Amino acid sequence: MNNKKFAVVIPLANESDTFAEFSSMLIDIFDRVKADNSFLGDAYLVVDNVSKDNTLQLCQELHERDSRFIPVWAPENRNVVDAYLRGYKEALLTGVPDTIARYCLSIHCRPQDRHHLKKNYQP
């Protein structure tokens with residue numbers, strides 16, 4: 001039975017300057033949520049052609065260190081809405097039955113989201 005009910009979708013573009021801080025914060029949050037319950041699944045990091053820096057490579061390196069963070073290359077995206085939809089599709093429709101999420105949460109890597117995460121998820 002699938003106990004990974006929630007997946008997180010995060011569109012990313014040109015985030016190389018803030019990726020280390022953001023990914024560190026995500027890992028910490030995922031670790032703390034996982035300690036409380038096992039309903040959190042994976043995070044889908046959606047990167048597309050808008051990103052002109054090494055954000056995709058950073059996502060791939062994060063995945064190598066922590067398989068909960070799955071990079072999704074989506075060159076067909078035309079805008080951020082497409083990025084969210086592609087992430088939802090990956091989370092809800094792909095994989096084997098025991099790994100497919102039932103629900104998706106979405107966040108963005110923007111500074112205001114990082115502020116909200118820091119403010120509400122401090123240990």
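The values are calculated or read from the model by the stated rules, or taken from the named source; none is laboratory data. The model shown is predicted, which means the values in this text are computed figures rather than measured ones. Cβ coordinates were reconstructed from backbone atoms using ideal geometry, including for glycine residues, and neighbour counts include every protein chain displayed.
Miscellaneous remarks
- Strands (runs of 3 or more DSSP E) (entirely within segment 9-123) containing at least 3 residues that are at pLDDT 70 or above and aliphatic (A, V, I, L, M): 40-47
- Failed criterion for L45 (all others in (1) touching a helix residue (DSSP H, G or I) at 6+ places or on another chain (Cβ under 6 Å); (2) farther than 15 Å from A7 by Cβ hold): (2)
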